[in-house]
Amino acid sequence: MSPQLFDFAQVRADFPILATEVRGKPLTYLDNAATGQKPQLVIDAIERYYATENSNIHRGVHYLSECATDAYEAARTKVASFIGASDADEVVFTRGTTESINLVAHGFVETILKEGDEIVISHMEHHANIVPWQIASQKTGAVLKVVPVDERGVLDMAAFEQMLSDKTKLVAITHISNALGTINPIERIIRKAHALNVPVLIDGAQSTPHMPVDVSALDCDFFVFSGHKIFGPTGIGVLWGKREWLERLPPYQSGGDMIEKVDFEGTTYKGIPGKFEAGTPHIEGVIGMAAAIDYLQSMDRVGALAHESALLTDATEKLSAIEGMRLIGTAPEKASVISFLINDIHPHDIGTFLDADGVAVRAGHHCTQPLLKRFGVPATARASFAFYNNFEDVDRLVTAVQKMQRFFG
Ligand code: PLP
């Protein structure tokens, strides 16, 4: 498919759920940072797979197994092209960003980390990019270093640079903050880390839904993301790693399919990526994610991003004008995520109130408890936009917030 200019009306029509109503109101879906909605093409691909191709992969010589294996491996090539990787063997299918990070953390515990080593993360990481490194530190005696963020939610790059040393064994950092929307200067982070031969893992869970990513140009060492956030199914995700790194890391889980030869005296493993994919994988998920990638690649992503930025600007201006509004996360480089509080209304009440008007936002800590603690709040309400949202969605959000503000006085 060749990329089309961004066609807003068509894009919206591609997502059947957007035409539905909730609580008797048109659905205003603004919880895209949690998960994206699915275009009909993805739903159809999954249905087609089960209706015409369902079989286990890699092990069968029969027709259906060959079809399923071909579709599964073609998806690997598609993922590689989606993120600008030149070698499809460097693409490992996982359950999602969380499992991808756990896989790398497990490998670092087994092969790299020792007492006194340091792992650098940031204050704005999702728990998925904190807890695995905390456990890795507990197991090895390594030390977790945390790059601070300022009042706007911008990384303190001077502090980051000072943290790097010959003790640093990995920098693991999010591309875009799910709670604040901050877009981090990952090119600079990678360059600075590489100057000291430190590998870098980029958490792309929030960037892949919004912008094209090129791991070759970035020159990061690991890049991870989730299928469900790029408008594919849940339970599927990707770990991309440079070949030399993936070859160095041991298997994460073991069992069927990841082996070359099993004997009671010992077992040898497949090369990459097979050694990381034990057991029957989420074939349907891989096929659905490939369809989602087809969808994204068929679209004008630069135009989509410009549309999202316009929504962000409009929503930010209109929400800021509401009395008692506090925006958490005001970085100059921001994706279309708005975390907010209004007067002393509890974010869960905000979420419930907006839901009554069909407006779906997230309320809570967004799996970033240390970050929210840094801002002195336990939770926020978060509206997050995707390319299929429109300016009416912004207005419905703003109207519902104004109504709530009046209600709570
Ligand atoms: N990292 C970031 C920045 C996220 O936003 C999320 C999910 O919200 C994750 C990691 C975890 O992704 P998943 O739950 O799909 O594994």
*How many of the residues in region 263-283 are surrounded by 13 or more Cβ atoms within 10 Å (Cβ to Cβ) and either among the charged types (D, E, K, R) or not assigned by TED's automatic domain parsing to the domain that holds Gly96 (or both)?*
3
_Any residue that is among the polar types (S, T, N, Q), crowded, with 22+ Cβ neighbours inside 10 Å and assigned to a helix (DSSP H, G or I) - is there at least one of those in region 81-99?_
yes
*Starting from region 292-313, take each residue that is under 14 Å from Pro212 (Cβ atoms) and list its partners that are at pLDDT below 95 and small (Gly, Ala, Ser), counting only C-beta distances under 7 angstrom and pairs at least six apart or across chains.*
none
*Residue under evaluation Pro212, criteria (1) surrounded by fewer than 20 Cβ atoms within 10 Å (Cβ to Cβ); (2) out of contact with any strand residue (DSSP E or B) (no Cβ under 6 Å at 6 or more places or on another chain); (3) not in a loop (DSSP other than H, G, I, E, B); (4) not small (Gly, Ala, Ser), criterion not met*: (3)
*Sort out which residues of region 108-127 are within 14 Å of the ligand (Cβ to nearest atom), within 25 Å of Arg191 (Cβ to Cβ) and not in a loop (DSSP other than H, G, I, E, B), and write them in order of number.*
Ile121, Ser122
*asked:* Kindly evaluate Lys25 against the criterion of being assigned by TED's automatic domain parsing to the domain that holds Gly288 and of a type in the set (Lys, Arg).
replied: no
*Scan Asp344, Asp355 and give me the residue that is closer than 30 Å to Val147 by Cα, among the acidic types (Asp, Glu) and assigned by TED's automatic domain parsing to the domain that holds Ala304.*
Asp344
*asked:* Can you pull out every residue in region 194-204 that is part of a loop (DSSP other than H, G, I, E, B) and more than 20 Å from Gly107 (Cα to Cα)?
replied: Leu196
_Can you report the number of residues in region 8-46 which are polar (S, T, N, Q) and buried (at least 23 other Cβ atoms within 10 Å of the Cβ)?_
2
*Condition test on Leu180, is it within 16 Å of the ligand (Cβ to nearest atom), more than 27 Å from His106 (Cβ to Cβ), of a type in the set (A, V, I, L, M, F, W, C) and touching a helix residue (DSSP H, G or I) at 6+ places or on another chain (Cβ under 8 Å)?*
yes
*Show the residue pairs that are 6+ apart or on different chains and have beta-carbon atoms under 8 Å apart, the first residue being within region 91-106 and within 7 Å of the ligand (Cβ to nearest atom), the second being in a strand (DSSP E or B) and of a type in the set (D, E, K, R).*
Thr97/Asp203
_Selected residue (only one of Ser165, Ser207 is within 11 Å of the ligand (Cβ to nearest atom) and assigned to a loop (DSSP other than H, G, I, E, B))_ = Ser207
_Identity of the residue in region 136-158, within 16 Å of the ligand (Cβ to nearest atom) and not in a loop (DSSP other than H, G, I, E, B), that ends up nearest to Asn184 (Cα to Cα)_ = Leu155
*Flag if Tyr29 is in contact with a strand residue (DSSP E or B) (Cβ under 8 Å, 6 or more places away or on another chain), among the aromatic types (Phe, Trp, Tyr) and modelled with pLDDT of 95 or more*: yes
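The values are calculated or read from the model by the stated rules, or taken from the named source; none is laboratory data. Since this is a predicted model, take the numbers as computed values, not measurements. Reconstructed Cβ throughout: ideal geometry from the backbone, glycine too, with neighbour counts over all protein chains shown.
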